[in-house]
Amino acid sequence: MKLSLNRRYSFPASHRLFRPEWTQEQNTQTFGKCANAHGHGHNYTIEVAVRGPVNPETGMIANLTELDQFVQEKVLRDFDHVYLNEQIPEFRDCVPTTENLCRVIFRRLSGFPHARVVSVRIEETAKNSFEYRVDEHE
Amino acid sequence: MMRITRKLEFSAAHFYHNSDLSPEDNRRIFGKCNNAHGHGHNYVLEVTIAGEPDPKTGMILDLKELKEILDREVMQRLDHRHLNYEVPELAGKIPTCEEIASALWQILEPKISHGRLDRIRLFESPDLFVDCARNGA
């Protein structure tokens, strides 16, 4: 039996799916409405899963206050109410699709000192979700 | 292999306190959850069974039987109970979501006679849940 603790957070942000080296036509052909010039926004929900032994003293894999603080500091503080393309350094040369957002957020959270972050799942809308998960055999 | 999931909800009270620690440490570690009067949640439990459907019935297991197991082992024992005082499997443990999910795994795993228990997902609130999954699943 393996156990994971999962916590959900949300933040609104805007983005535009666009490659500057392509023409607007190429961008629209590939990214559709998401390439519109002024960007658009979503309420992103991120679901973070951590694994590790249950501390016998506390009954917890990780203290939620510590996890919340870490996610606040590493992700929410920077991502909440911003334009991802311009205000998040990782997206200067990378299209801010939700696939890439999963990867960027996973990297930012991977240094959590109290448990191992094993997955970051992001709901971009109620219909679209994406997940970045470490290989179970790693 | 296929998986089938049944969902149920129970309401229970709990609080977090470790008598080996000082009152200050208890408050620092557990925060509001250390309030000795307890507090409660509407827990949502998802129980997933994995197996091959029986060609005679098209079913992995009889859902009526699963419902009876869950009524007996989960609802009757945990619903409208105080988890610190009324569930023997949690005696001496802090009844966190992690410990409750582990206890439910230990309780339910041997009771599933057709298919096998694959995953337990226990929500304490819509934004917090624990997964308990079979090794290698």
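A short reminder: the numbers here are calculations on the coordinates, not readings from a lab. Here the structure is a predicted model, which means the values were calculated and not measured. Every residue, glycine as well, gets a Cβ built from its backbone with ideal geometry; the counts of neighbours run over all protein chains shown.
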Ranked on Cβ counts within 10 Å of their own Cβ, fewest leading, B:52, A:21, A:99 go A:21, B:52, A:99
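So what is the relative contact order of chain A, in percent, for Cα pairs below 8 Å that sit 6 or more residues apart?
Reported relative contact order: 29 percent.
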If each K or R counts +1 and each D or E counts -1, the residues other than residue B:21 whose Cβ falls under 10 Å of its Cβ total -2
By the C-alpha gyration tensor axes a ≥ b ≥ c (rounded if a/c is under 1.5, else prolate when a/b exceeds b/c, else oblate), the shape of region B:2-133 is prolate
Excluding near-sequence neighbours (fewer than 8 apart on one chain), region B:2-133 holds lysine pairs with C-alpha atoms under 27 Å apart numbering 12
Of the residues B:135, B:34, B:18, the Cα lying farthest along the dipole of chain B towards its positive end, which is defined by charges on the beta carbon of Lys, Arg, Asp and Glu, belongs to B:135
Over chain A, the sum of -39500 (n - 2.57) across DSSP H runs of at least four, divided by residue number and rounded to 500 deg cm²/dmol, gives at 222 nm -6000 deg cm²/dmol
With no solvent term and unit scatterers on the alpha-carbon positions of the protein assembly as shown, Debye gives log₁₀ I(q)/I(0) at q = 0.11, 0.14 Å⁻¹ of -0.74, -1.04
Rounded to the nearest whole number, the per residue volume of the convex hull around the C-alpha atoms of chain A in Å³ is 125
Here the gain from full extension of residue B:24 to residue B:106, 0.36 nm per residue of separation minus their alpha-carbon distance, amounts to 26.2 nm
Note: A:47-57 gets an average of partner chain Cβ contacts (10 Å, Cβ to Cβ) equal to 3
Toy charge model, Lys and Arg Cβ at +1, Asp and Glu Cβ at -1: the protein assembly as shown dipole around Cα centroid in debye, rounded to 20, equals 280
Ordered by fewest other Cβ atoms within 10 Å, a rough proxy for footprinting exposure, A:44, A:83 read A:83, A:44
Treating only Lys and Arg (+1) and Asp and Glu (-1) as charged, each at its beta carbon, one finds that region B:2-133 has a dipole about its Cα centre, in Debye to the nearest 20, of 180
Loop-resident trypsin sites (Lys or Arg not before Pro) in region B:51-115 with no more than 12 other Cβ atoms inside 10 Å, DSSP not H/G/I/E/B, are B:56
Neighbours of residue B:67 by Cβ distance under 13 Å: Lys/Arg at +1, Asp/Glu at -1, summed charge 0
At 37 °C in a medium of viscosity 0.692 mPa s, region A:32-102 has a Stokes-Einstein diffusion coefficient, with Rh taken as the Kirkwood radius over alpha carbon pairs, in µm² per second, of 223
